[in-house]
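Novice: I have a structure I would like to understand better, so I am pasting it below and will then ask my questions one at a time.
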Amino acid sequence: KKEQKDFVRKVSAGCRISFFLSFGKLTARERILLLLDPDSFDEYDMFVEHRCSDFGMDSNKNKYPGDSVVTGRGRINGRLAYVFSQRNVLCSGVVPQISLIMGPCAGGAVYSPALTDFTFMVKDTSYLFITGPDVVKSVTNEDVTQEQLGGAKTHTAVSGVAHRAFENDIDALLNLREFFNYLPLSNRDPAPVCECHDPSDRLVPELDTVVPVESTKAYDMLDIIHSIADEREFFEIMPSYARNIVVGFARMNGRTVGIVGNQPKVASGCLDINSSVKGARFVRFCDAFNIPLITFVDVPGFLPGTAQEYGGIIRHGAKLLFAFAEATVPKITIITRKAYGGAYDVMSSKHLRGDANYAWPTAEVAVMGAKGAVQIIFRGKEANAEAEYVDKFANPFPAAMRGFVDDIIQPSTTRVRICHDLDVLASKTQSSPWKKHANIPL
């Protein structure tokens, strides 16, 4: 945090920060100066002017050098980055693409950020919508504000269009600098590795008691993720959307990893339409850019109900299964508690070409929970059947006997195991049959 403050102070010396203090927004060039390393920006086409002659726009007073957009290249923490480029489809899967929405973005312009890998917004000052409130009012007679229609809260919590929202321009740009460090520069580069002062053989004793004894009691999957990550740092993606699954970036022994985990605190960690799409998109990004995947599993199944079935949970759930099965990066899976039915299969199971699959002693790999299974099997005729079923199947040993998990590990050793496996899998190569492209169930 001190380094961030020093960086802002250094850059602010050359910026009109009074504009930010007055209006809560920076100018385009101020944003670039804050995002990029000092004195690293090389601007392109800075003398270009618009060519519109209608409505008096050809007057000299309406012409400005570098009109409309500021483009160029620079460095973020010493690594090359290009500012503003809209060849989104051609660049998809080749270089990471990030959109930072810092003002209104409407009409066809919204499809450029929609095509990028990550879209970030600024609270209260940025908007994304196809048609604005006035058009909505005239067509549907709905009264809605810009914030309600396409503000940061709407897109980070309801629509899932944006991945995170930040308090103001400066907060957004500093977080973007931090986020950039997790990503490789292209699909030809390995996952970034930085110097690590957190021992790879560090034990995490608190993990031995993090899962409650009662299988119906919730716990926070983020506690596990923070405990095993380097310096307890985790950059969560889409924290306000589909909160029953957690995705984001961390480092293990200095190496960038993508983490996916069910969240028992929300809907018991069930998979549904939104969480399946959220997880699938993240997994495919990590696979495209050589970032290893670590998956924490505590999933009682897919969320039941007509709303999910009518909404196409079969098709959307298949996206997450497809993404994990297709991924060729190192894949390490830890089952912390429940791993039931088809949802277990989808969450980077051994059946989807997982490299290392572990279970904690609290893990249960089964078709469904004991109560539901006993009701179906015995139709309520056996009084002691549930206890017998629990004793026989509510543990990880049946799965281990069948080779569905590679080992049953002490939770406190999870970080040690992951770091060791990542070292072993660093040279992993896996080829697939030639194809023009796969046909994921969109």
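Novice: Pull up the stretch 39-55, narrow it to residues that are at pLDDT 80 or above and at positive phi, then point me to the one that is least open to solvent (accessible area, probe 1.4 Å).
Specialist: Restricting to residues being at pLDDT 80 or above and at positive phi, the top hit is Asp45.
Novice: Return only the number of the condition from (1) touching a helix residue (DSSP H, G or I) at 6+ places or on another chain (Cβ under 8 Å); (2) in contact (Cβ under 8 Å) with a residue 60 or more places away in the chain that Gly369 does not satisfy.
Specialist: (1)
Novice: Let me ask something else. Check whether at least one residue in the stretch 162-171 is within 26 Å of Phe282 (Cα to Cα), touching a Gly at 6+ places or on another chain (Cβ under 8 Å) and either in contact (Cβ under 8 Å) with a residue 24 or more places away in the chain or not charged (D, E, K, R) (or both), and report yes or no.
Specialist: Yes, the stretch 162-171 has at least one match.
Novice: Going by the conditions given, is Tyr344 within 30 Å of Thr256 (Cα to Cα), without any contact (Cβ under 8 Å) to a residue 60 or more places away in the chain and touching a helix residue (DSSP H, G or I) at 6+ places or on another chain (Cβ under 8 Å)?
Specialist: no
Conditions tested, residue by residue: (1) among the aliphatic types (A, V, I, L, M); (2) open to solvent by 100 Å² or more (accessible area, probe 1.4 Å); (3) on the phi > 0 side of the Ramachandran plot.
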residue	(1), (2), (3)
Asn395	no, no, no
Pro411	no, no, no
Leu425	yes, no, no
Thr429	no, yes, no
Lys436	no, yes, no
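For (1) farther than 18 Å from Val416 by Cβ; (2) modelled with pLDDT of 95 or more; (3) out of contact with any Asp or Glu (no Cβ under 6 Å at 6 or more places or on another chain); (4) surrounded by 23 or more Cβ atoms within 10 Å (Cβ to Cβ), each residue gets a yes or a no:
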site	(1), (2), (3), (4)
Val213	yes, no, yes, no
Arg243	yes, yes, yes, no
Met252	no, yes, yes, yes
Val257	no, yes, yes, yes
Asn262	yes, yes, no, yes
Gly269	yes, yes, no, yes
Asn274	yes, yes, yes, no
Lys278	yes, yes, yes, yes
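Novice: Here's a follow-up. Take the residues of the stretch 415-442 that are under 22 Å from the mean Cα position of the chain (by Cα) and β-branched (Val, Ile, Thr): which is farthest from Ile291 (Cα to Cα)?
Specialist: Ile440
Novice: Residues of the stretch 105-136 being open to solvent by less than 80 Å² (accessible area, probe 1.4 Å) and of a type in the set (D, E, K, R), which ones?
Specialist: Asp117, Lys123
Novice: Follow-up. Among the residues of the stretch 147-202, write down those that are over 22 Å from Lys25 (Cα atoms), outside any helix (DSSP H, G or I) and small (Gly, Ala, Ser).
Specialist: Once the filter is applied, which keeps residues that are over 22 Å from Lys25 (Cα atoms), outside any helix (DSSP H, G or I) and small (Gly, Ala, Ser), the stretch 147-202 yields Gly160, Ser186, Ala191, Ser200.
Novice: Would you mind stating whether Asp124 is among the acidic types (Asp, Glu), touching a helix residue (DSSP H, G or I) at 6+ places or on another chain (Cβ under 9 Å) and at pLDDT below 95? Don't jump to the end; show me each part of the working.
Specialist: Details: among the acidic types (Asp, Glu): yes; touching a helix residue (DSSP H, G or I) at 6+ places or on another chain (Cβ under 9 Å): yes; at pLDDT below 95: yes.
For Asp124, the condition - among the acidic types (Asp, Glu), touching a helix residue (DSSP H, G or I) at 6+ places or on another chain (Cβ under 9 Å) and at pLDDT below 95 - is met.
Novice: In the stretch 284-322, how many residues are hydrophobic (A, V, I, L, M, F, W, C), assigned to a helix (DSSP H, G or I) and either touching a residue at least 60 places away in the same chain (Cβ under 8 Å) or open to solvent by 40 Å² or more (accessible area, probe 1.4 Å) (or both)? If you could, list the steps in order and put the result at the bottom.
Specialist: Applying the first criterion (hydrophobic (A, V, I, L, M, F, W, C)) to the stretch 284-322 yields 285-286, 288-289, 291, 293-294, 296-297, 299, 302-303, 307, 313-314, 318, 320-322.
Remaining after also requiring assigned to a helix (DSSP H, G or I): 285-286, 288, 307, 313-314, 318, 320-322.
The next check asks that each one be either touching a residue at least 60 places away in the same chain (Cβ under 8 Å) or open to solvent by 40 Å² or more (accessible area, probe 1.4 Å) (or both); those that pass are 285, 288, 307, 314, 318, 321-322.
Number satisfying all stated conditions: 7.
Novice: So which strands (runs of 3 or more DSSP E) stay within the stretch 58-133 end to end and still have 2 or more residues that are in contact with a Cys (Cβ under 7 Å, 6 or more places away or on another chain)?
Specialist: Working: elements: 71-76, 79-83, 98-101, 104-106, 118-122, 127-129.
Output list reads 127-129.
The values are calculated or read from the model by the stated rules, or taken from the named source; none is laboratory data. What you see is a predicted model, and the numbers here were worked out from it, not measured in a lab. Here Cβ is always computed from backbone atoms with ideal geometry, including for glycine, and neighbour counts include all displayed protein chains. Remember, those area values only see protein heavy atoms, side chains included, never the ligands or the DNA or RNA. Shrake-Rupley method; radii C 1.70, N 1.55, O 1.52, S 1.80 Å.
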